[in-house]
Amino acid sequence: MNIRQFHPGRLALGIALALTLGACEKDAALTSASVAAAKTAAESSQPHLNQHQSQSQNPSQSQAKSSTAAVTSDDAKAFIQAAEAELAALSLESNRAEWIYSNFITEDTASLSASVNEKMISTSVRLATEAAKYAAVELDPVNKRKLTMLRSALVLPSPLDPAKNAELAGIVAELNGLYGKGKYCLSDGRCLTQTELSVMMAESRDPALLKEIWAGWREIAKPMRPLFEREVVLANEGARDLGFANLSELWRSQYDMAPDAFSSELDRLWGQVKPLYDSLHCYVRGELNAEYGDKVVPKTGPIPAHLLGNMWAQQWGTIYPLVAPKDADPGYNVTELLAAKGYDEQKMVKQAESFFTSLGFAPLPETFWSRSLFVQPKDRDVVCHASAWDLDNEDDIRIKMCIQKTAEDFTVIHHELGHNFYQRAYKNQPFIFKNSANDGFHEAIGDTVALSITPKYLQQIGLLSDVPDASKDIGLLLKQALDKVAFLPFGLMIDQWRWKVFSGEITPANYNQAWWELREKYQGVKAPLARSEADFDPGAKYHVPGNVPYTRYFLAHILQFQFHRSLCDIAGDKGPVHRCSIYGSKEAGAKLNQMLELGASKPWPEALAVVTGTQEMDASAVLDYFAPLKVWLDEQNSAANRQCGW
């Protein structure tokens, strides 16, 4: 899901398109207007960027700022204050332009979007470069934190050399265009987009067709390879200009700990959840083997990636019908319950709002209801992907979503409002701190709320008469695990690959080989047909050519369970954590709000401790949540005499 709020930490040179779509966990098809906007932004940004860079290299300025002795803490504070005011003003213009573009897709609104994105890009480059000059100045903790956030704001920093800057902007636009315009033509002549191909991947059970789709989509990534290779060189130079060893160090520096310590922390968390993933992997492989036979899915080794119901094998929920346990039907269907109770789109949103007000949060402002988009208009094109918006950094919060009256969208609405209530909670923070504690927190909060949409909650709000007994829990837990547990190694390995590329540990000569080595190491999946260095399979995942950091999604999948377990404890729930809903608990709501109000003003461990009582992320909450499923999976694997691992 998607949040849209201007913030320096989300800027990437030239990625107007990524900003429009936001850092969403699900890939989205790109419109031609979006690609045009991105390209226009990349091209039009050059005069501004070059003008700034020629000024920054003026001899008198350069000499004045070349040593820490030439600047004072007062200089740094004045810079921070001015930068914050400039960014706050620009955010208002940016958010409104992006809202208009997303709700009225035309060539004109695309041009307006491109124009404001150009301003965002050039401003972020200028401020990050300027912030780097004050890096060694002694400052109080608040201003030091703001300066660090400004300095590490760029996802893809440009070199100071104007020609290289222009080259990088062009590469970014071209990579986005290659992905956005990508199609694969099936043997029957149909030429389909990534979204259309993904639907087929989810629904088809024909291994030959699935292999064709899988391989066909990856053809669009082959031309990206030399562009990506050059992009890494240029962005690494930009990172060095900002005082970082390489882009890997810059990306990892945003987590309130030394970059290498953060990498070790991720390894520790993965070690905690790997036994659960291994049991799930073993069970799913066995069930797929029973479905397709030894020639398609061997009983041992990695699972062929094209058979897991997803273009990237990142989530496996769509193959639930193939692997569901017998008698797993919980006895109710939320989509049918919504229809029976007369829920329309607005009533679904009202119910999600009531979840938060039951925790003690104030109702949404009237402007939310008059300005949000709930239903797809019939008279114009809009971006339908669900997103949460904060337009004025205070109270003008909205969602934009073409709501379907389904169980899935009922959950998504709760998730998106989680973003909105987070945005409003930190509205009194200084602008640079109007953000989540780290980039995993925002997604985690939305998902934490969604974890409370249990049968108990459905009964409390009158949708369900009786809560099914515990015998139905296994099916519900397995369905969740196929998405949330299966995602964990994928969420981790994307940036593991990129960080090694940025640092030079993975060289261009073995991009694809290293990609599949990591996918097998973490996920236990393999390509369904031979791959070589003529391929560039990482580019088939939007976040790689789009330069969207991915570790946030791994963190969110850990944090949501840790938050949920702690909030259930605060709410006094004594039952299994997977059956808990914090609906109606003012105590849990007060503690949650206390954390949300901090925004990014404190290091994330301090924010984490407000709710959990500890400054350490703990994946044992994932194990607690899925404990009954783990027992059941191990029983099934043992009974079938399966050889687990790969």
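The values are calculated or read from the model by the stated rules, or taken from the named source; none is laboratory data. Predicted, not measured: the structure shown is a model, and the values here were computed from it. Please note: Cβ atoms are built from the backbone with ideal geometry, for glycine as well, and neighbour counts cover all protein chains shown. Side chains included, ligands, DNA and RNA excluded: accessible areas come from the protein's heavy atoms. Shrake-Rupley method; radii C 1.70, N 1.55, O 1.52, S 1.80 Å.
Observations, loosely collected:
- Within segment 509-527, the residues that satisfy the criterion of being part of a helix (DSSP H, G or I) and either polar (S, T, N, Q) or open to solvent by less than 50 Å² (accessible area, probe 1.4 Å) (or both) are ASN510, TYR511, ASN512, GLN513, ALA514, TRP515, TRP516, LEU518, ARG519, TYR522, GLN523.
- Residue within segment 494-502 that is within 14 Å of the chain's Cα centre (by Cα) and open to solvent by less than 40 Å² (accessible area, probe 1.4 Å) present: yes
- Positions within segment 437-451 being at pLDDT 95 or above, touching a His at 6+ places or on another chain (Cβ under 6 Å) and either of a type outside the set (Val, Ile, Thr) or not in a helix (DSSP H, G or I) (or both), in sequence order: LEU451
- Just one of the listed residues (LEU147, LEU210, LEU156) is within 30 Å of ASP74 (Cβ to Cβ) and open to solvent by less than 30 Å² (accessible area, probe 1.4 Å), and it is LEU147.
- Conditions (1) under 26 Å from LEU482 (Cα atoms); (2) out of contact with any strand residue (DSSP E or B) (no Cβ under 7 Å at 6 or more places or on another chain): number failed by ALA362: (1)
- Residues (surrounded by 15 or more Cβ atoms within 10 Å (Cβ to Cβ), at pLDDT 95 or above and assigned to a loop (DSSP other than H, G, I, E, B)) located in segment 336-383: TYR343, LEU359, GLY360, PHE361, LEU364, PRO365, SER372, PHE374
- Residues satisfying the stated conditions in segment 248-269, i.e. part of a helix (DSSP H, G or I), surrounded by 16 or more Cβ atoms within 10 Å (Cβ to Cβ) and of a type in the set (Asp, Glu): GLU249
- Being open to solvent by 20 Å² or more (accessible area, probe 1.4 Å), modelled with pLDDT of 95 or more and assigned to a helix (DSSP H, G or I) is a condition met by no residue of segment 387-407.
- Residue in segment 531-538 that is assigned to a loop (DSSP other than H, G, I, E, B), crowded, with 21+ Cβ neighbours inside 10 Å and modelled with pLDDT under 95 present: no
- Every listed requirement among (1) in contact with a strand residue (DSSP E or B) (Cβ under 8 Å, 6 or more places away or on another chain); (2) in a helix (DSSP H, G or I); (3) among the β-branched types (Val, Ile, Thr) is met by VAL232 save one, (1).
- Of the criteria (1) in contact (Cβ under 8 Å) with a residue 12 or more places away in the chain; (2) over 30 Å from ALA136 (Cβ atoms), which one PRO321 fails: (1)
- Neighbours by Cβ (under 6 Å, 6+ apart or cross-chain): first from segment 190-201, surrounded by fewer than 16 Cβ atoms within 10 Å (Cβ to Cβ); second basic (Lys, Arg): CYS191/LYS183
- For segment 283-327, residues that are open to solvent by less than 30 Å² (accessible area, probe 1.4 Å) and either over 14 Å from MET201 (Cα atoms) or assigned to a loop (DSSP other than H, G, I, E, B) (or both) total 21.
- In segment 380-395 there is at least one residue that is among the charged types (D, E, K, R) and touching a Leu at 6+ places or on another chain (Cβ under 9 Å).
- Test: residue in segment 539-552 that is in contact (Cβ under 8 Å) with a residue 40 or more places away in the chain, open to solvent by 10 Å² or more (accessible area, probe 1.4 Å), over 28 Å from LYS183 (Cα atoms) and not in a loop (DSSP other than H, G, I, E, B): yes
- Top-ranked residue of segment 571-582 - restricted to ones that are open to solvent by less than 60 Å² (accessible area, probe 1.4 Å) and in contact (Cβ under 8 Å) with a residue 40 or more places away in the chain, ranked as nearest to LEU458 (Cα to Cα): SER581
- Those residues of segment 76-126 which are more than 24 Å from ALA136 (Cβ to Cβ), open to solvent by 10 Å² or more (accessible area, probe 1.4 Å) and of a type in the set (Val, Ile, Thr), in sequence order: ILE100, ILE105, THR106, THR109
- Every listed requirement among (1) among the acidic types (Asp, Glu); (2) more than 17 Å from the chain's Cα centre (by Cα); (3) open to solvent by less than 30 Å² (accessible area, probe 1.4 Å) is met by GLU416 save one, (2).
- Residue match in segment 546-557 (condition: on the phi > 0 side of the Ramachandran plot and under 22 Å from the mean Cα position of the chain (by Cα)): yes
- Taken over segment 465-490, residues that are open to solvent by less than 10 Å² (accessible area, probe 1.4 Å) and β-branched (Val, Ile, Thr) amount to 1.
- Taking the criterion of being open to solvent by 60 Å² or more (accessible area, probe 1.4 Å) and in contact (Cβ under 8 Å) with a residue 12 or more places away in the chain, the only residue of segment 624-633 that qualifies is ASP624.
- Once segment 588-622 is narrowed to residues that are hydroxyl-bearing (Ser, Thr, Tyr) and in contact (Cβ under 8 Å) with a residue 60 or more places away in the chain, the residue that is farthest from ALA481 (Cα to Cα) is SER601.
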